[in-house]
Amino acid sequence: MKFKFLANTIKNKRFDYAPMYYDQRKERLKLKKKEFDRLENKNLSDEDRKKILRRNMQESWSRTSNAQNQRSTSNFRVLLLIVILLVLGYFVFNGISEVDTVVKKLW
């Protein structure tokens, strides 16, 4: 039995890995519930009230800035589509031969 290592078969290694899932929305909801309970029981200090106010203002500002960004990108896309349609309409009504002259003038 000197060569016992030759008879061993290779076995798969097992790992006990349990991935953690972090839900930011759920965490915020828990925090708000906790704050609301403390607010009902009137256990908030002035500093806690300021922190809550700051957080609420930051959330509202981030929502409005996100909405403004979406609105501006949407408006840009609509404007770009209108310009493309106007250019295509111009070439349809004036004929395809006009494309060559317009391109030469632009370059």
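No lab work stands behind these numbers, since they all come straight from the coordinates. What you are looking at is a predicted structure, and each value in this text was computed from that prediction instead of being measured.
Could you derive backbone 3J(HN,Hα) for segment 51-57 from the dihedral phi with the Karplus parameters 6.51, -1.76 and 1.60 (θ = phi - 60°), listing whole Hz in sequence and x where the residue is Gly or Pro?
3J(HN,Hα) across segment 51-57, in whole Hz: 4, 5, 4, 4, 4, 5, 5.
May I ask you to evaluate 6.51 cos²θ - 1.76 cosθ + 1.60, the Karplus curve with θ = phi - 60°, for each residue of segment 12-27 and list the ³J(HN,Hα) values in order in whole Hz, giving x for glycine and proline?
5, 7, 10, 10, 9, 10, 10, x, 8, 10, 10, 10, 5, 5, 5, 5
At q = 0.19, 0.22 Å⁻¹, what log₁₀ I(q)/I(0) does a Debye calculation on the Cα points of the chain give, no solvent, two decimals?
-1.08, -1.17
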